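Note sheet for the following structure.
Computed from the coordinates by the stated procedures, all read-outs in this text should not be read as laboratory data. As the structure is a prediction and not an experimental result, all values here were calculated from the model. Neighbour counts run over all protein chains shown; Cβ positions are idealised from the backbone, glycine included.
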């Protein structure tokens, strides 16, 4: 049986803050004595269903709890999602329709099990209890928090001071998230550092209702592959858990060296002692950072596609990026007439239609950054004169396609 000290060491790896550590130890000790697993809560508002590594920082921490024998409850905020978390927002979010919320929720539910143990996870929708509250219940809930407390939130405070609108419904969001913790009797709640106010509200509400307060564990916000901005799909600096093995491996190899240990710490399951060894070897210069980064790329690719796929992806990377050879198998793309006009080939439309870019704006950004090549030559205009059978189009470092011209 794993000791309490060992459990705390693993739980603490990468955590920005734990409130409080004594409560956590006490809960773990009780769980060990009684054989009753702790209930670890994570709330997800289904507004951005494509999960990337930034989202997995908290999911991997929950998986570590599960590997110790504890259980997870994932609260899909199908009710709170119709309001939208106001955290970090300078204006009121557009409310999602019920159908949008349900569709996004299904996508989330499918993706979280790429990280979590399905047998030790319960997925619940908070409309189950929030939609049943009557006005009397809502007033009683609202009495547990003062306006002054709500306005302690930096985002609300800024909007109030700037005379910007704050919807009354937004003020209820932290209380509803806290009420989720009370309903499921959460022992621990995890979230990013941006969720501090909401999660601590859960601790307070549980106590007010005569329930033992949950432990709050705050995880850092992961930087994207650019090493600067928060990982985000809209910024194009993300690594998606649904991406192909070659993409996960190649994108990982593109992160700055300064992020190697941070990625090991936050998005892999290596033991804290092993992490200390990696940090030490990098700090002393005993290893080449490239080799450590390749290990990181293998670890991440294997987590989502298995060891064999990780090995294949590594060999692909060595062939294409270290030996500067083309991949052995190239997908063919038949150029459609819709992207050809009297001025030539519309490269923006081509990059989108072949699946290299999710939008026209992303395609333009890649072209203007010099990240698009035809037969190894950078293109600098949105249109080119012509393409021939067998031409190789490359977008970024990872994506290749062979042109096929319809005869």
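Computed values, structure above
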{"read-out": "Relative contact order [Cα under 8 Å, 6+ residues apart], the range 4-219, whole percent", "value": "27 percent"}
{"read-out": "Between 0 and 90°, nearest 10: helix 196-208 axis offset from the chain longest Cα axis", "value": "20 degrees"}
{"read-out": "Rounded tilt (10° steps) of 21-34 against the dominant C-alpha axis of the chain", "value": "80 degrees"}
{"read-out": "With Cα atoms, 0 to 90° folded angle of helix 53-67 axis to the chain main axis", "value": "50 degrees"}
{"read-out": "Of 295, 26, 196, the one that fluctuates the most in a GNM where the chain has Cα springs shorter than 10 Å", "value": "26"}
{"read-out": "Where N is the number of residues in the range 4-219, Cα Rg divided by 2.2 N^0.38 Å", "value": "1.00"}
{"read-out": "Per-residue [θ]222 nm for the chain (sum of -39500 (n - 2.57) over DSSP H runs n ≥ 4, rounded to 500)", "value": "-13000 deg cm²/dmol"}
{"read-out": "The chain, relative contact order in percent, only Cα pairs under 8 angstrom and at least six apart counted", "value": "14 percent"}
{"read-out": "Residue order, fewest to most surrounding Cβ atoms within 10 angstrom, among 70, 307", "value": "307, 70"}
{"read-out": "Value of Rg to Rh for the chain (Rh from inverse mean 1/r over Cα pairs, i.e. Kirkwood)", "value": "1.02"}
{"read-out": "Beta bridge orientation in the range 4-219: antiparallel %, DSSP, nearest 5", "value": "15 percent"}
{"read-out": "Separation of the residue 280 and residue 380 label points, Cα + 7 Å toward Cβ, nm", "value": "5.1 nm"}
{"read-out": "DSSP beta bridge pairing in the chain, given as percent antiparallel to the nearest 5", "value": "45 percent"}
{"read-out": "The chain: most fluctuating residue of 293, 233, 158 per GNM, C-alpha cutoff 10 Å", "value": "158"}
